[in-house]
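Just below is one structure, and these are the notes that go with it.
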Amino acid sequence: MSSDRLAELAAAGVAIWLDDLSRQRLTSGGLDKLRREQHVVGVTTNPTIFAKAVTAAEDYEEQVKDLALRETSVPEAMRSIMAHDVRWACDVLKPAADASNGIDGRVSIEVDPALAANTHRTHAEAKELWWLVDRDNLFIKIPATHEGIPAITETLAKGISVNVTLIFSLERYEAVINAFFDGLEQAKANGHDLSKIGSVASFFVSRVDTEYDKRLDKIGSDEAKALKGKAAIANAKLAYKLYEQLFSSERWQALANAGAQPQRPLWASTSTKNPEYRDVIYVEELVAPGTVNTMPEAVIHAFADHGEVRPDAVTGSYAEAQQVMDQLAAVGIDYNDVVEVLEREGVDKFNVSGKEMIDTVQQALNSAS
């Protein structure tokens, strides 16, 4: 029974991805089991996930000891550890990649968060990670900061598949899609096979509700409180509307005719932060064709247990979503300020997690010396 709901979700056009990775998942066969039994066809990672994995498991001891003996620098050790696990996960998910002609079966590895404000270093890091992992079903995660947008184009132009992360606003999402178009047009001019280049755009969900709800509580009126828990889903639905508009353009059609696959919207940050909300709300309310939902394992199991699939819960509700955003503006909340705060906090969190990973690897290297 647990697999039936997830099968229905997949049949409705939602690719189920796991937002976690550790060597223990790989050595135990746990990731492969999720692929075979729970319809998981992708994996996303970040430095926080790896820092927790390295701290919590003994599986890394031999590799860390070898890195220490070679006197490897901490940044290079960190890349080696992440690349090892991501390469292995790419191999585990290769059947999903083969079954979908490379659309799914993808595993993401993130560029160093400290580079989020540097276009050229981000692009250089992306090329290095692509070479280091050396798997066709890899995604390089690049944040959708102002500086990240041109790096996304440059990276795609080299024929490298990209997971664009940290998208909160509709304006930034439009810039991401245009950067994707720019990158594919340049890739075509560079002689790359567009059918081999994949991309997703990771639109963050639950954090939007967290920020809006905090502001609604501060306003405190009945009208404001009635809007709690509505912003994130409305924002994501309007993002899907934008996706439909731009991917029905003549510009996109020319790329599709050249073999390109669309950059799918990926719903990220889909675990419920407020315990008062249904634990699978950010999955149920965002079922739409051609999307990805990346979930912690607990959310996958929760949906398998009691999730409900309403095929295409998104496209018929754009007017309602816009009304919610208009009501939020009417009670005095500035959308642009909300998304700017969320992006800034997102970058800060990524930097903290990057430093946490560096500290974790440094401690492991010191212990192994």
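The values are calculated or read from the model by the stated rules, or taken from the named source; none is laboratory data. A quick note: this is a predicted structure, and the numbers were derived from the prediction, not measured. Reconstructed Cβ throughout: ideal geometry from the backbone, glycine too, with neighbour counts over all protein chains shown. We work out accessible area using only protein heavy atoms, side chains counted, and drop any ligands, DNA or RNA first. Shrake-Rupley method; radii C 1.70, N 1.55, O 1.52, S 1.80 Å.
So if I take the centroid of the Cα atoms in the stretch 256-286 and the same for the stretch 1-66, what is the distance between those two points in Å?
17
Equivalent-ellipsoid semi-axes (√(5λ), Cα gyration tensor) for the stretch 10-75, whole Å, largest first?
30, 13, 9
What would the Debye formula give as log10 I(q)/I(0) at q = 0.24, 0.26, 0.33 Å⁻¹ for the alpha-carbon point model of the stretch 317-359, no solvent?
Calculated log10 I(q)/I(0) at the listed q: -0.80, -0.85, -0.99.
Over the stretch 143-239, what percent of the accessible surface lies on carbon and sulfur atoms, probe 1.4 Å?
47
Which pairs break 27 Å Cα to Cα here: Lys237/Lys349; Lys33/Lys188; Lys65/Lys158; Lys141/Lys241; Lys52/Lys273?
Where the Cα-Cα span goes over 27 Å, the pairs concerned are Lys33/Lys188; Lys65/Lys158.
What do you get for Rg/Rh of the stretch 1-115 when both radii come from the Cα atoms and Rh is the Kirkwood radius?
1.03
Could you estimate the translational diffusion coefficient of the stretch 226-297 from the Stokes-Einstein equation, with Rh from the Kirkwood formula over C-alpha pairs, at 20 °C and 1.002 mPa s, in whole µm²/s?
Here the translational diffusion coefficient equals 154 µm²/s.
Give me the Kirkwood hydrodynamic radius of the stretch 144-275, using the inverse of the mean 1/r over all pairs of distinct Cα atoms, in Å to one decimal.
15.8 Å is the Kirkwood radius here.
Using the Cα centre of the stretch 81-131 as the reference point, and only Cβ charges (+1 on K/R, -1 on D/E), how large is the resulting charge dipole? Debye, rounded to the nearest 20.
Taking the Cα centre of the stretch 81-131 as origin, the dipole is about 100 debye.
Taking the mean number of other Cβ atoms within 10 Å as a proxy for protection, how do you rank 209-216, 21-28 from highest to lowest?
209-216, 21-28
Semi-axes of the equivalent ellipsoid of the stretch 229-366: what are they in whole Å, largest first, if each equals the square root of 5 times a C-alpha gyration tensor eigenvalue?
29, 22, 20
Once amide H atoms are built 1.01 Å from N in the peptide plane, which residues 5 or more positions from Thr165, or in another chain, come under 5 Å H to H?
Amide H neighbours of Thr165: Ile142, Ala144, Ser202.
May I ask you to order 43-53, 29-39 by the average number of other C-beta atoms within 10 Å around their residues, highest value first?
With the highest mean Cβ count within 10 Å placed first, the list reads 43-53, 29-39.
Apply the Karplus parameterisation 6.51 cos²θ - 1.76 cosθ + 1.60, with θ equal to phi minus 60°, to every residue of the stretch 91-103 and state each ³J(HN,Hα) to the nearest whole Hz, in sequence, with x for glycine and proline.
5, 4, 8, 4, x, 5, 5, 5, 5, 10, 6, x, 6
Where the Cα atoms of the stretch 80-132 are projected onto their three principal axes, how long is each span, largest first, in whole Å?
Here the spans come out as 37, 22, 16 Å, largest first.
Please report, in whole Å, how far the alpha carbons of the stretch 291-369 spread along each principal axis, starting with the longest.
61, 37, 19
Between Rg and the Kirkwood Rh of the stretch 166-234, both from Cα atoms, what is the Rg to Rh ratio?
1.26
Take the eigenvalues of the Cα gyration tensor for the stretch 1-43, scale each by 5, and report the square roots as semi-axes in whole Å, largest first.
21, 11, 6
Could you state the per residue volume, in Å³, of the convex hull enclosing the Cα atoms of the chain?
Hull volume normalised by residue count: 131 Å³.
Where does the chain land at 222 nm, in deg cm²/dmol rounded to the nearest 500, when only DSSP H runs of n ≥ 4 count, each adding -39500 (n - 2.57), divided by all residues?
Value at 222 nm, helices only, nearest 500: -18000 deg cm²/dmol.
Work out from phi, with θ = phi - 60° and the Karplus expression 6.51 cos²θ - 1.76 cosθ + 1.60, the ³J(HN,Hα) of each residue of the stretch 70-84, listed in order in whole Hz, and give x for Gly and Pro.
7, 6, 6, 5, 4, x, 5, 4, 4, 4, 5, 5, 5, 4, 4
In a Gaussian network model over the chain where Cα atoms closer than 10 Å are linked, find which of Thr122, Thr291, Thr72 has the largest mean-square fluctuation.
Thr72
Please work out the average accessible area per residue across the chain, using the 1.4 Å probe convention, and give it in Å².
Ligands and nucleic acids excluded, the figure is 42 Å² per residue.
Going highest first, how would you order 8-16, 361-369 by mean Cβ packing within 10 Å?
In descending order of packing, they fall as 8-16, 361-369.
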